[in-house]
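The structure appears below as structure tokens.
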Amino acid sequence: MAGDVAMPMSWGRYPRLAQRVVHMADRRGALPLPAEGSILPYGLGRSYGDSCLNGGGTLIATRGLDRFISFDRESGEITCEAGVSLAEIIEVALPHGWFLPATPGTKFVTLGGAIANDVHGKNHHRDGTFGLHVKSFELLRSDGTRLRCSPEENADYFAASIGGLGLTGLITTATLKLKRVGSAFLGGQSIKFGSLDEFFDLSAESAATHEYVVSWIDCLGEGETLGRGHFLRANFLSAEEAAGMRSRRSLPLAVPVTPPVSLVNRLTLKAFNAAYYNRQSVRVAQKTWGVDGFHYPLDAIANWNRIYGPRGFLQYQAVVPPRDQRDVAEALLEEIARSGQGSFLVVLKVFGDRRSPGLMSFPMPGTTLALDFPILGEATFKLLDRLDAIVVEAGGRIYAAKDARMAPETFARGYPDIETFRKFVDPRMSSSFARRVMETA
Amino acid sequence: MNRILIFGATSAIAQEVARNLAKEGASFFLVARSAVALGDISADLTVRGAASVMTRVADLAVLDTLADLCDEGRDALGGIDVAVIAHGILPDQKACENSVDATLGALRVNAMSPAALMTRLGEIIGHQGSGSLVVISSVAGDRGRPSNYVYGASKALLSVMGEGMALALGSKGVNVLVVKPGFVDTPMTAAFPKGPLWASAKSVGDGIVEAVRKGRRGVIYAPFWWRFIMLVIRFAPGFVVSKI
């Protein structure tokens, strides 16, 4: 099984590494193991950095594992092969009043990827991470062993594989408990706020009343305007509230080619952020959304990642514990604003305290900040190192699914369970991220 | 369009056709060799919305059972709105060149078997007065090439037979649709390096369903632009064809 030598890219289009790709389409079949070298499961490649890449090794593409196995429309339990995408699950489940219990900002990820990165979403403050809603899965190891993993059975492998970045084995099938929803629409408010204090007040006030909460911050705000942004909060509407609403078909938008330079630069950023902040004149706007408009606005633009040009971009997501979260968030925003780098959408959210079963899971109680940086050379990497220092000092951590550059020490300090985790890593499995960050940590 | 009979139901293109139709709540009668694979596909289609899925394990190379299989499918479904013939193998061209048995074996699965099914299904659907008969052929049937002329010859038979049936049975309400996919990324082509001309099985399957919905008959290429590529290739001289 030679496989093509290809240059599959992660979503950040950085780094670019040559590797072989082999396909797996039969969940009962053996792993397509190459004679030598390491392997890594690869789904839809939506991890931003190098955690879904295996430079010089082999990727096992799992999209062929795309069959549903069962769906109980009464209990909301759905079982499918791990290459099924979240978009496909929504298509099957939402018409019957079921939705994903947790979802990232794109639905174009596989079920296996969602588990391996223990993804989270705008309802983390209530429902925690994706892994909390996984009932069980089958883990196929390179020696051919198949482990049925759940909180009761092989619980140690269950914990290691949730957020385990695909290093503990290949997840072939999984069972997920979906969430009951009254309709395919959400209702809530968009609230303009002028400072971080307001943001934290709104977060505290909305945690109990709204299942989905997220904020956009103007990353160029300094002094007076530091920490200004829009606060979004929403709940799924009941069938009665949503009566008569129709989902609009969005136009098929796409970024067809990669522009020669990043379209996100100091000039466009300043104009966009000011316009975005001021687009809403009233302080509180009542809003309704379809599921796609609320959860997946960027999915409407195919290949949006191309706007950052041929050099690609770095996505940065960190979480800091509650103790100094306001001051640390301020310090991070100041550092970013001073640099003039950063992207259109800086996302800020307060996580809840539901603990994930995942050993290496990213979310923890505290505040998380996420944003994109077009790669402008050394300056970009140095800026992120300075942000790392602030995060680590505060006792926080960086999200591996979005990383392509953190130092091994940064990782080790953020993830104290790394030594326990190592025991469950499959001897044949590795990734560019694992070699760069975990092996030396 | 809700009673669907598929021969070679485990083929990648057939699965995508079935998934698309399952969303609308169709009923299926699926025929294939592997009971395990049929079970998996049946479960998948059920979750995706199929009203019912019946499966039948059969070796489609056994020619004298095929007419009865068509009748069995029709009876189980209570009539046929869409029949899809999708089974086929990619024979080992080199082995065929030195073996009459290998060549005939390949032609039996890829040409004789579908021809038998087409004949009986044409009768059944003609008798009903409406319905579609979809035959998965290939662009490889448009010209003989040194690297795969046995496969190409089998597909040429399907294309010509389907084209003729479409003209003959159109007035009886039978929409015979010959689909000629170009390069499709499926398990059958897993060993080939992929380039920009390759399409996914899903896009080909969705294209077929769209054509059936529109009541198309005759020959279609999938994706459509293969029609222009093949137009050029059909007029190319032999020494050029021998290079591709």
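The values are calculated or read from the model by the stated rules, or taken from the named source; none is laboratory data. Keep in mind that this is a model prediction, so the values were computed, not measured. Methodologically, a virtual Cβ is constructed for each residue, glycine included, from the backbone with ideal geometry; neighbour enumeration extends over all protein chains shown.
Being within 30 Å of A:T367 (Cα to Cα) and within 14 Å of another protein chain (Cβ to nearest Cβ) holds for only one residue in A:S136, A:S161, A:S85, and it is A:S85.
Residue check: B:I233 meets all listed conditions (1) out of contact with any strand residue (DSSP E or B) (no Cβ under 6 Å at 6 or more places or on another chain); (2) surrounded by fewer than 19 Cβ atoms within 10 Å (Cβ to Cβ); (3) within 14 Å of chain A (Cβ to nearest Cβ); (4) not aromatic (F, W, Y) but one, namely (3).
Scanning region B:131-164 for residues that are within 20 Å of B:A12 (Cα to Cα), hydrophobic (A, V, I, L, M, F, W, C) and without any contact (Cβ under 8 Å) to a residue 24 or more places away in the chain turns up just one, B:A140.
Of the helices (runs of 4 or more DSSP H) lying entirely inside region A:100-216, those containing at least 1 residues that are over 19 Å from the mean Cα position of the chain (by Cα) and buried (at least 19 other Cβ atoms within 10 Å of the Cβ) span A:155-161, A:196-206.
Listed here are the residues, each with its yes/no results for (1) closer than 28 Å to A:A400 by Cβ; (2) at pLDDT below 95; (3) of a type outside the set (A, V, I, L, M, F, W, C).
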{"residue": "A:H23", "(1), (2), (3)": "yes, yes, yes"}
{"residue": "A:S47", "(1), (2), (3)": "yes, no, yes"}
{"residue": "A:N54", "(1), (2), (3)": "yes, no, yes"}
{"residue": "A:A61", "(1), (2), (3)": "yes, yes, no"}
{"residue": "A:L65", "(1), (2), (3)": "yes, no, no"}
{"residue": "A:I69", "(1), (2), (3)": "no, no, no"}
{"residue": "A:L86", "(1), (2), (3)": "yes, no, no"}
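Here the strands (runs of 3 or more DSSP E) wholly within region A:1-72 that include at least 3 residues being surrounded by fewer than 21 Cβ atoms within 10 Å (Cβ to Cβ) and not assigned by TED's automatic domain parsing to the domain that holds A:P374 are A:4-6, A:19-23. With the structure loaded, tell me whether A:E91 is surrounded by fewer than 22 Cβ atoms within 10 Å (Cβ to Cβ), within 9 Å of chain B (Cβ to nearest Cβ) and out of contact with any Cys (no Cβ under 6 Å at 6 or more places or on another chain) or whether it fails that test. Here the answer is yes, as A:E91 does meet what is asked. Against the numbered list (1) within 14 Å of chain A (Cβ to nearest Cβ); (2) touching a residue at least 40 places away in the same chain (Cβ under 8 Å), B:Q128 comes up short only at (1).
Looking across region B:65-76, the residues that are in contact with a strand residue (DSSP E or B) (Cβ under 9 Å, 6 or more places away or on another chain) and over 12 Å from B:I125 (Cβ atoms) come down to B:L66, B:L69, B:E72, B:A76.
Taking region B:1-92 as the region of interest, the strands (runs of 3 or more DSSP E) fully inside it that hold 3 or more residues being free of Cβ contacts under 8 Å to residues at least 60 places away in the same chain and more than 14 Å from every other protein chain (Cβ to nearest Cβ) are B:27-32, B:52-57. Could you please find all residues in region B:72-88 being over 22 Å from B:L177 (Cβ atoms) and under 20 Å from the mean Cα position of the chain (by Cα)? Answer for region B:72-88, where residues must be over 22 Å from B:L177 (Cβ atoms) and under 20 Å from the mean Cα position of the chain (by Cα): just B:E72. Evaluating A:A302 against the criteria (1) closer than 19 Å to A:N265 by Cα; (2) among the small types (G, A, S); (3) surrounded by fewer than 16 Cβ atoms within 10 Å (Cβ to Cβ) leaves one unmet condition, (1). Take the conditions over 24 Å from the mean Cα position of the chain (by Cα) and modelled with pLDDT under 90 and apply them to A:V257. Does it pass? Taking the combined requirement at face value, the residue satisfies it.
Considering only region A:222-230, I want to know if a residue exists there that is at pLDDT 90 or above, assigned by TED's automatic domain parsing to the domain that holds A:S339 and under 28 Å from A:F130 (Cβ atoms). Taking every residue of region A:222-230 in turn, at least one turns out to be at pLDDT 90 or above, assigned by TED's automatic domain parsing to the domain that holds A:S339 and under 28 Å from A:F130 (Cβ atoms). Can you name every residue in region A:73-82 that is buried (at least 24 other Cβ atoms within 10 Å of the Cβ) and within 12 Å of chain B (Cβ to nearest Cβ)? Listed by number, the residues that qualify are A:I78, A:C80, A:E81.
State whether the residues of region B:57-73 include one that is within 23 Å of B:G205 (Cα to Cα) and either among the basic types (K, R) or modelled with pLDDT under 95 (or both). No, region B:57-73 contains no residue that is within 23 Å of B:G205 (Cα to Cα) and either among the basic types (K, R) or modelled with pLDDT under 95 (or both).
Each row is one residue, and each column tells you yes or no for (1) crowded, with 21+ Cβ neighbours inside 10 Å; (2) farther than 24 Å from A:G377 by Cα; (3) modelled with pLDDT under 95.
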site	(1), (2), (3)
A:A412	no, yes, no
A:D417	no, yes, no
A:D426	yes, yes, no
A:A434	yes, no, no
